[in-house]
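Below: one structure, written as structure tokens.
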Amino acid sequence: MSKKAKLTEKEIDQIVAAQANVDSAWEKPARVHRAKSSSVSIPADLAARATFLAQLHRTKNLEEWLTHVIEERIELEEAAFVGVKQEMSTKAG
């Protein structure tokens, strides 16, 4: 079993440049599809309160502000989940 020598970044760049126009040197292109967006309905009074807060925070629109708030909350929930999971495994082990 032979170990391959690690190539430098410059050597890799040279190989890629040399093979750039050689179709057989490349794998089949990867296809990426954008996830479909989804919508969520919220009560009108909650939407009005959220709109006020979005304006207060000077965001472009309500959707941008809600996305930011949801992302923050998801990060908090995920961190809490990981913490609880670690705590449980520590107690069990």
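Structure notes:
- Matching residues in segment 48-63 - criterion: being open to solvent by less than 90 Å² (accessible area, probe 1.4 Å) and at pLDDT below 95: T59, N61, L62
- With respect to the conditions (1) open to solvent by 100 Å² or more (accessible area, probe 1.4 Å); (2) modelled with pLDDT of 90 or more, S24 lacks only one, and its number is (2).
- Test: P29 is open to solvent by less than 100 Å² (accessible area, probe 1.4 Å) and either over 30 Å from I12 (Cβ atoms) or touching a His at 6+ places or on another chain (Cβ under 7 Å) (or both): no
- Positions within segment 72-93 being exposed (fewer than 10 other Cβ atoms within 10 Å of the Cβ) and either small (G, A, S) or within 19 Å of I42 (Cα to Cα) (or both), in sequence order: S89, A92, G93
For (1) touching a residue at least 24 places away in the same chain (Cβ under 8 Å); (2) touching a helix residue (DSSP H, G or I) at 6+ places or on another chain (Cβ under 9 Å); (3) not small (G, A, S), each residue gets a yes or a no:
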{"residue": "K36", "(1), (2), (3)": "no, no, yes"}
{"residue": "A47", "(1), (2), (3)": "no, yes, no"}
{"residue": "T51", "(1), (2), (3)": "no, yes, yes"}
{"residue": "Q55", "(1), (2), (3)": "no, yes, yes"}
{"residue": "I74", "(1), (2), (3)": "no, no, yes"}
{"residue": "E78", "(1), (2), (3)": "no, no, yes"}
{"residue": "E87", "(1), (2), (3)": "no, no, yes"}
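- Taking the criterion of being open to solvent by 100 Å² or more (accessible area, probe 1.4 Å) and under 20 Å from the mean Cα position of the chain (by Cα), the residues of segment 34-47 that qualify are R34, K36, S37, S38, S39.
The values are calculated or read from the model by the stated rules, or taken from the named source; none is laboratory data. These figures come from a predicted structure and were not determined experimentally. So basically every Cβ, Gly included, is an ideal-geometry build from the backbone, and we count neighbours across all protein chains shown. Keep in mind that these areas ignore ligands, DNA and RNA; they rest on the heavy atoms of the full protein, side chains included. Shrake-Rupley method; radii C 1.70, N 1.55, O 1.52, S 1.80 Å.
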